[in-house]
Amino acid sequence: MDENQDLSVTLKRPINLKVIVTPRWKQEVQQQLQGQITNLDSQLEQIDVQGNRTINELKQQSISPTPPQVAQQIENIQMQVNKKKSEILEKKNQALQQLQQVQTLELEQEFFQGQMESFFEIKKGDNLVKKLNVEILVRDGIVEEIRGAM
């Protein structure tokens, strides 16, 4: 191997994505969150309808008084419905909290929106810490600044 040859390694790094809060961005995010909340509400309603329909069918098919195994099936279905409803309500509460947070953000403030990944080359003599600390700043979908060593 030639010692003068520059060796490099390709690595993967996280890149922080920040947005500048604008009226357009706030409106888009609020609409997305409202859509999620509406979707979750319809899921809750659908689960109730399906659970009640299944329970009513079991009750109609069984004799009166309800046999213990049918009663157990009904109880299991109700527990599954309640568990699923709790999961959906938790998601709805998170979306409502995010909506409230977005509404309180000030215009022109930088807001962390998430992370992406990218690959980069590193070779002898490079500063690894600087190469790992990269973020992208976006205003209304347009990259405004790339911070850090590419």
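The values are calculated or read from the model by the stated rules, or taken from the named source; none is laboratory data. Predicted model, so just to flag it, every value in this text is computed and none were measured. As a convention, Cβ positions derive from the backbone with ideal geometry for all residues, glycine included, and neighbour counts pool all protein chains shown. Ligands, DNA and RNA are excluded from the accessible area calculation, which covers all protein heavy atoms including side chains. Shrake-Rupley method; radii C 1.70, N 1.55, O 1.52, S 1.80 Å.
The modelled label-to-label distance between Lys59 and Lys84, using points 7 Å beyond Cα along the C-beta direction, is 1.9 nm. Distance distribution P(r), the range 42-150, all Cα-Cα pairs, bin width 5 angstrom from 0: 2, 9, 12, 10, 9, 8, 8, 7, 7, 7, 6, 6, 5, 3, 1, 0, 0 percent. Taking the Cβ of Thr10 as the centre, find all other residues whose Cβ is under 14 Å away and add up their charges (Lys, Arg: +1; Asp, Glu: -1). Surrounding charge for Thr10 is 0.
Listed by chain and number, the lysines whose C-alpha is less than 16 Å from the C-alpha of Lys131, apart from same-chain residues fewer than 8 away, are Lys12, Lys123. Ignoring ligands, DNA and RNA, what percent of the accessible area of the chain is carbon or sulfur (1.4 Å)? Carbon and sulfur together cover 49 percent of it. Cross-link partners for Lys92 among the lysines, with Cα-Cα distance under 27 Å and sequence neighbours closer than 8 places in the same chain left out: Lys18, Lys26, Lys83, Lys84.
For the set Val138, Val9, the ranking by accessible area, highest first and with no ligand, DNA or RNA atoms included, is Val9, Val138 under a 1.4 Å probe. Each residue was assigned an accessible area with a 1.4 Å probe, and for Ser8 the value is about 70 Å².
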